[in-house]
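Participant: Structure in C-alpha coordinates, see below.
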(Lines give C-alpha, C1' and ligand atoms only; values in the text may rest on other atoms or scores of the structure.)
Protein backbone atom coordinates (compact mmCIF):
# COMPACT_ATOMS: atom_id res chain seq x y z
CA UNK A 1 0.00 0.00 0.00
CA UNK A 2 1.49 3.35 -0.96
CA UNK A 3 2.11 5.96 1.69
CA UNK A 4 0.98 9.49 1.06
CA UNK A 5 2.75 12.66 2.02
CA UNK A 6 -0.04 13.78 4.31
CA UNK A 7 0.25 10.60 6.37
CA UNK A 8 4.00 11.11 6.76
CA UNK A 9 3.57 14.73 7.69
CA UNK A 10 0.93 13.91 10.28
CA UNK A 11 3.01 11.17 11.85
CA UNK A 12 5.97 13.51 12.23
CA UNK A 13 4.07 16.58 13.42
CA UNK A 14 2.12 14.55 15.94
CA UNK A 15 5.32 13.43 17.63
CA UNK A 16 7.77 16.32 17.61
CA UNK A 17 7.81 20.11 17.22
CA UNK A 18 8.54 20.95 13.60
CA UNK A 19 10.12 24.19 12.44
CA UNK A 20 10.42 23.17 8.83
CA UNK A 21 9.50 20.07 6.90
CA UNK A 22 10.00 19.15 3.27
CA UNK A 23 8.78 15.84 2.00
CA UNK A 24 9.68 14.90 -1.49
CA UNK A 25 8.12 11.97 -3.27
CA UNK A 26 10.92 10.62 -5.42
CA UNK A 27 9.01 7.61 -6.61
CA UNK A 28 7.23 9.32 -9.52
CA UNK A 29 3.98 8.70 -7.74
CA UNK A 30 4.08 5.08 -6.59
CA UNK A 31 4.57 6.22 -3.01
CA UNK A 32 7.51 4.05 -2.14
CA UNK A 33 10.40 6.44 -2.20
CA UNK A 34 10.55 9.51 -0.03
CA UNK A 35 13.19 12.03 0.95
CA UNK A 36 12.56 14.37 3.85
CA UNK A 37 14.25 17.45 5.23
CA UNK A 38 13.23 18.00 8.80
CA UNK A 39 14.10 20.88 11.11
CA UNK A 40 13.15 20.48 14.73
CA UNK A 41 14.35 21.60 18.12
CA UNK A 42 13.81 18.01 19.22
CA UNK A 43 17.17 17.26 17.59
CA UNK A 44 19.04 19.59 19.89
CA UNK A 45 21.98 17.82 21.54
CA UNK A 46 21.44 14.60 19.59
CA UNK A 47 23.90 12.99 17.18
CA UNK A 48 22.85 12.45 13.59
CA UNK A 49 22.56 8.75 14.28
CA UNK A 50 20.26 9.39 17.25
CA UNK A 51 18.14 11.79 15.18
CA UNK A 52 17.75 9.31 12.37
CA UNK A 53 16.91 6.55 14.83
CA UNK A 54 14.26 8.80 16.31
CA UNK A 55 12.67 9.43 12.91
CA UNK A 56 13.03 5.81 11.86
CA UNK A 57 11.16 4.82 14.98
CA UNK A 58 8.54 7.50 14.50
CA UNK A 59 7.85 6.38 10.94
CA UNK A 60 8.46 2.70 11.57
CA UNK A 61 5.20 1.53 10.02
CA UNK A 62 5.51 3.78 6.98
CA UNK A 63 9.16 3.02 6.29
CA UNK A 64 8.44 -0.70 6.42
CA UNK A 65 6.17 -0.22 3.41
CA UNK A 66 8.55 1.89 1.39
CA UNK A 67 11.31 0.94 -0.91
CA UNK A 68 13.51 3.86 0.01
CA UNK A 69 13.59 6.53 2.64
CA UNK A 70 16.13 9.28 2.93
CA UNK A 71 16.34 11.94 5.63
CA UNK A 72 18.19 15.09 6.55
CA UNK A 73 17.77 16.31 10.09
CA UNK A 74 18.71 19.73 11.43
CA UNK A 75 18.15 21.81 14.51
CA UNK A 76 16.68 25.27 13.76
CA UNK A 77 20.12 26.80 14.38
CA UNK A 78 21.88 24.38 12.04
CA UNK A 79 19.30 24.99 9.37
CA UNK A 80 19.73 28.75 9.61
CA UNK A 81 23.48 28.35 9.26
CA UNK A 82 23.02 26.05 6.31
CA UNK A 83 20.74 28.49 4.55
CA UNK A 84 23.11 31.36 5.24
CA UNK A 85 25.93 29.31 3.76
CA UNK A 86 23.89 28.41 0.69
CA UNK A 87 22.87 32.03 0.21
CA UNK A 88 26.49 33.11 0.45
CA UNK A 89 27.52 30.51 -2.13
CA UNK A 90 25.04 31.73 -4.69
CA UNK B 1 23.82 -17.85 7.24
CA UNK B 2 24.93 -14.68 5.47
CA UNK B 3 28.49 -15.63 4.70
CA UNK B 4 28.81 -16.00 1.04
CA UNK B 5 26.62 -15.77 -1.93
CA UNK B 6 27.36 -19.38 -2.79
CA UNK B 7 26.11 -20.89 0.40
CA UNK B 8 22.93 -18.88 0.37
CA UNK B 9 22.09 -19.98 -3.13
CA UNK B 10 22.50 -23.56 -1.93
CA UNK B 11 20.08 -22.72 0.82
CA UNK B 12 17.60 -21.53 -1.74
CA UNK B 13 17.83 -24.84 -3.54
CA UNK B 14 17.34 -26.76 -0.33
CA UNK B 15 14.37 -24.78 0.67
CA UNK B 16 11.29 -26.94 0.59
CA UNK B 17 9.18 -24.09 1.91
CA UNK B 18 6.33 -25.71 3.77
CA UNK B 19 4.19 -23.12 5.46
CA UNK B 20 5.47 -24.03 8.93
CA UNK B 21 8.96 -23.18 7.85
CA UNK B 22 7.82 -19.85 6.54
CA UNK B 23 6.00 -18.96 9.72
CA UNK B 24 8.89 -20.04 11.92
CA UNK B 25 11.14 -17.85 9.81
CA UNK B 26 8.84 -14.89 10.25
CA UNK B 27 8.89 -15.53 13.94
CA UNK B 28 12.66 -15.63 13.90
CA UNK B 29 12.75 -12.26 12.14
CA UNK B 30 10.84 -10.61 14.90
CA UNK B 31 12.86 -12.26 17.61
CA UNK B 32 16.39 -12.51 16.42
CA UNK B 33 17.81 -15.74 17.78
CA UNK B 34 20.90 -15.62 19.96
CA UNK B 35 22.79 -17.62 17.37
CA UNK B 36 22.03 -15.16 14.60
CA UNK B 37 22.72 -12.24 16.87
CA UNK B 38 26.11 -13.55 17.93
CA UNK B 39 27.02 -14.38 14.32
CA UNK B 40 26.22 -10.86 13.26
CA UNK B 41 28.07 -9.53 16.26
CA UNK B 42 31.24 -11.31 15.19
CA UNK B 43 30.67 -10.47 11.51
CA UNK B 44 30.59 -6.73 12.16
CA UNK B 45 33.74 -7.00 14.24
CA UNK B 46 35.64 -9.29 11.88
CA UNK B 47 36.74 -6.45 9.60
CA UNK B 48 37.51 -2.78 10.26
CA UNK B 49 34.76 -1.74 7.85
CA UNK B 50 31.70 -3.87 7.20
CA UNK B 51 29.07 -2.81 4.70
CA UNK B 52 25.72 -4.51 4.25
CA UNK B 53 24.54 -3.56 0.80
CA UNK B 54 22.33 -4.49 -2.12
CA UNK B 55 24.55 -6.07 -4.75
CA UNK B 56 28.32 -6.12 -4.77
CA UNK B 57 30.89 -3.30 -4.85
CA UNK B 58 31.46 -3.84 -8.56
CA UNK B 59 27.75 -4.26 -9.26
CA UNK B 60 25.62 -2.39 -6.73
CA UNK B 61 21.91 -3.05 -7.18
CA UNK B 62 20.62 0.14 -5.64
CA UNK B 63 21.60 3.80 -5.84
CA UNK B 64 22.00 4.11 -2.08
CA UNK B 65 24.34 1.14 -1.91
CA UNK B 66 26.24 2.51 -4.87
CA UNK B 67 26.66 5.85 -3.11
CA UNK B 68 27.92 4.11 0.03
CA UNK B 69 30.54 2.08 -1.78
CA UNK B 70 31.63 5.11 -3.81
CA UNK B 71 32.23 7.12 -0.67
CA UNK B 72 34.36 4.32 0.79
CA UNK B 73 36.33 4.12 -2.46
CA UNK B 74 36.80 7.86 -2.45
CA UNK B 75 38.43 7.58 0.95
CA UNK B 76 40.59 4.76 -0.38
CA UNK B 77 39.51 2.23 2.20
CA UNK B 78 41.84 -0.69 1.42
CA UNK B 79 39.99 -3.75 0.10
CA UNK B 80 41.44 -5.99 2.80
CA UNK B 81 39.89 -3.80 5.47
CA UNK B 82 36.45 -3.83 3.91
CA UNK B 83 33.96 -6.68 3.96
CA UNK B 84 30.68 -6.30 2.12
CA UNK B 85 27.63 -8.50 2.36
CA UNK B 86 25.05 -8.65 -0.38
CA UNK B 87 21.70 -8.78 1.37
CA UNK B 88 19.90 -9.53 -1.89
CA UNK B 89 21.69 -12.88 -2.01
CA UNK B 90 20.50 -13.77 1.47
CA UNK B 91 16.92 -12.90 2.50
CA UNK B 92 17.60 -14.13 6.01
CA UNK B 93 20.49 -11.72 6.41
CA UNK B 94 18.43 -8.92 4.90
CA UNK B 95 15.86 -9.14 7.68
CA UNK B 96 18.26 -10.09 10.43
CA UNK B 97 20.59 -7.15 9.91
CA UNK B 98 17.71 -4.69 10.04
CA UNK B 99 16.69 -6.01 13.39
CA UNK B 100 20.24 -6.38 14.66
CA UNK B 101 21.12 -2.77 13.87
CA UNK B 102 17.61 -1.55 14.65
CA UNK B 103 17.80 0.22 11.32
CA UNK B 104 15.10 -0.15 8.68
CA UNK B 105 17.08 0.33 5.49
CA UNK B 106 20.06 -0.94 3.52
CA UNK B 107 22.96 -0.03 3.18
CA UNK B 108 24.30 -0.18 6.70
CA UNK B 109 27.86 0.47 7.66
CA UNK B 110 29.92 -0.62 10.65
CA UNK B 111 33.37 0.61 11.61
CA UNK B 112 35.22 -1.55 14.11
CA UNK B 113 31.99 -3.17 15.21
CA UNK B 114 30.23 0.15 15.80
CA UNK B 115 27.15 0.98 13.79
CA UNK B 116 27.76 4.23 11.90
CA UNK B 117 24.48 4.55 10.03
CA UNK B 118 22.94 4.27 6.59
CA UNK B 119 23.53 6.08 3.32
CA UNK B 120 22.32 9.52 4.46
CA UNK B 121 24.57 9.52 7.49
CA UNK B 122 27.56 8.22 5.57
CA UNK B 123 27.18 10.92 2.91
CA UNK B 124 26.61 13.60 5.53
CA UNK B 125 29.74 12.55 7.42
CA UNK B 126 31.68 12.48 4.19
CA UNK B 127 30.65 16.04 3.39
CA UNK B 128 31.41 17.34 6.87
CA UNK B 129 34.78 15.60 7.06
CA UNK B 130 33.72 13.44 10.01
CA UNK B 131 34.02 10.27 7.99
CA UNK B 132 37.67 10.86 7.23
CA UNK B 133 38.36 11.47 10.91
CA UNK B 134 36.42 8.37 11.89
CA UNK B 135 38.29 6.19 9.41
CA UNK B 136 41.62 7.67 10.46
CA UNK B 137 40.95 7.29 14.16
CA UNK B 138 39.99 3.69 13.62
CA UNK B 139 43.16 2.97 11.69
CA UNK B 140 41.28 2.22 8.49
CA UNK B 141 43.11 4.84 6.46
CA UNK B 142 46.40 6.59 7.25
CA UNK B 143 46.33 10.04 8.78
CA UNK B 144 47.04 12.73 6.25
CA UNK B 145 46.73 15.59 8.66
CA UNK B 146 50.42 15.92 9.59
CA UNK B 147 51.82 15.86 6.11
CA UNK B 148 49.25 18.27 4.74
CA UNK B 149 49.73 20.76 7.58
CA UNK B 150 53.48 20.52 7.08
CA UNK B 151 53.04 21.38 3.44
CA UNK B 152 50.99 24.38 4.38
CA UNK B 153 53.61 25.59 6.84
CA UNK B 154 56.37 25.14 4.30
CA UNK B 155 54.44 27.10 1.73
CA UNK B 156 53.73 29.80 4.25
CA UNK B 157 57.33 30.14 5.35
CA UNK B 158 58.91 30.01 1.92
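Participant: Would you pick out the residues in the range A:1-28 that are farther than 18 Å from residue A:65 by Cβ and at pLDDT below 90?
Facilitator: Selection gives nothing.
Participant: Another question, if that's okay. Residue check, residue A:82 against (1) in contact with a strand residue (DSSP E or B) (Cβ under 7 Å, 6 or more places away or on another chain); (2) closer than 30 Å to residue B:88 by Cβ; (3) at pLDDT below 95, all met but one. Which one?
Facilitator: It fails just one condition, (2).
Participant: Return the total of residues in the range A:34-49 being surrounded by fewer than 18 Cβ atoms within 10 Å (Cβ to Cβ) and at the interface with another protein chain (Cβ under 10 Å from one of its Cβ atoms).
Facilitator: 3
Participant: Residue B:158 versus (1) at the interface with another protein chain (Cβ under 10 Å from one of its Cβ atoms); (2) farther than 16 Å from residue B:71 by Cα; (3) modelled with pLDDT under 95: which is the lone unmet condition?
Facilitator: So the condition that residue B:158 fails would be (1).
Participant: Right, here's the next one. Given the options A:20, A:52, name the one that is more than 18 Å from residue B:104 (Cα to Cα) and under 10 Å from the mean Cα position of the chain (by Cα).
Facilitator: Values: A:52 fails: more than 18 Å from residue B:104 (Cα to Cα).
Criteria check complete, one pass: A:20.
Participant: Looking only at the range B:86-113, how many residues end up being within 12 Å of chain A (Cβ to nearest Cβ), farther than 14 Å from residue A:64 by Cα and assigned to a helix (DSSP H, G or I)?
Facilitator: Total satisfying the criteria: 1.
Participant: Which of the residues belonging to the range A:50-62 are surrounded by fewer than 20 Cβ atoms within 10 Å (Cβ to Cβ), farther than 14 Å from residue B:119 by Cα and at the interface with chain B (Cβ under 9 Å from one of its Cβ atoms)? Reasoning before the result, please.
Facilitator: Step one: filter the range A:50-62 for residues surrounded by fewer than 20 Cβ atoms within 10 Å (Cβ to Cβ), giving A:50, A:53-54, A:56-58, A:60-62.
Next, only the ones that are farther than 14 Å from residue B:119 by Cα stay: A:50, A:54, A:57-58, A:60-62.
The answer is A:57, A:60.
The values are calculated or read from the model by the stated rules, or taken from the named source; none is laboratory data. These numbers were taken from a predicted model, which means no experiment stands behind them. A quick note on method: Cβ atoms are made from the backbone with ideal geometry, for glycine too, and the neighbour counts reach across all protein chains shown.
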